[in-house]
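The values are calculated or read from the model by the stated rules, or taken from the named source; none is laboratory data. Since this is a predicted model, take the numbers as computed values, not measurements. Every residue, glycine among them, receives a Cβ derived from its backbone with ideal geometry; neighbour counts consider all protein chains shown. We work out accessible area using only protein heavy atoms, side chains counted, and drop any ligands, DNA or RNA first. Shrake-Rupley method; radii C 1.70, N 1.55, O 1.52, S 1.80 Å.
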Amino acid sequence: MRQLKMDPMAKTGTTTQGLRAAIERSGYYPALVAEAVEAAVGGEPIASYLVHQETTFDANEVRRHVTVLVLTDNRFIVSHTDEQNADTSSPTPYATTSTESVKLGRISSVVVSRVVANPESYTPGTLPREVVLTIGWGAVARIDLEPAACGDPNCDADHGYTGNSTADDLSLRVSEAGDGPDTVRQTLAFAQALSEATAATGR
């Protein structure tokens, strides 16, 4: 895969055509988002990236959220930007942007869930209707507990609880209907690149 190098001063070339162009196409505070992502990436070459914008409806308010995922040779970088309406803490609308940099060796799981229509007639290479990308690196874990039981249906003893701990640091859902086929395709490409990079790091 061709590598793209970010240059904060670049106006033309692969930087504008690649990650920065994708950020600008999202139309979501591109200057703010690009600056935060570029600062996190630094001078590292970019192996793969994904820009995803999501619109949510909260009561009578419409809120937008953009997630930018970047893969370099050594790190996985995730950036979130949210907009907020004026509230008691601010008389004007404002946006919050955050970035997290994760060493590839810390990534414990890359889960790709695909939803396909008419599976009985599925043809390899057909784009899924929906893709959910879940990435875990140990910052957030979800624990699902339920009462434990033994094999005796007449037993009424307390066997405590049993459950599963699942790494769930990032979950991103894209659909062909809502986001377009290109975004679904890019999500699959990014997931494959990240999976391959983490596998290489573990060797």
Can you give the net charge of the other residues whose Cβ lies under 11 Å from the Cβ of residue 54, counting K and R as +1 and D and E as -1? +1
Counting Lys +1, Arg +1, Asp -1, Glu -1, what net charge surrounds residue 176 among other residues with beta carbon under 9 Å of its beta carbon? -1
Keeping all protein chains in place and using 1.4 angstrom, which order do 127, 19 fall into by accessible surface area, from largest down? 127, 19
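Using 0.36 nm per residue of separation minus the Cα-Cα distance, give me the extension gain between residue 126 and residue 25 in nm, one decimal.
Length gained, residue 126 through residue 25: 33.8 nm.
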Not counting ligands, DNA or RNA, and with a 1.4 Å probe, what is residue 171's accessible surface area in Å² rounded to the nearest 10? 70 Å²
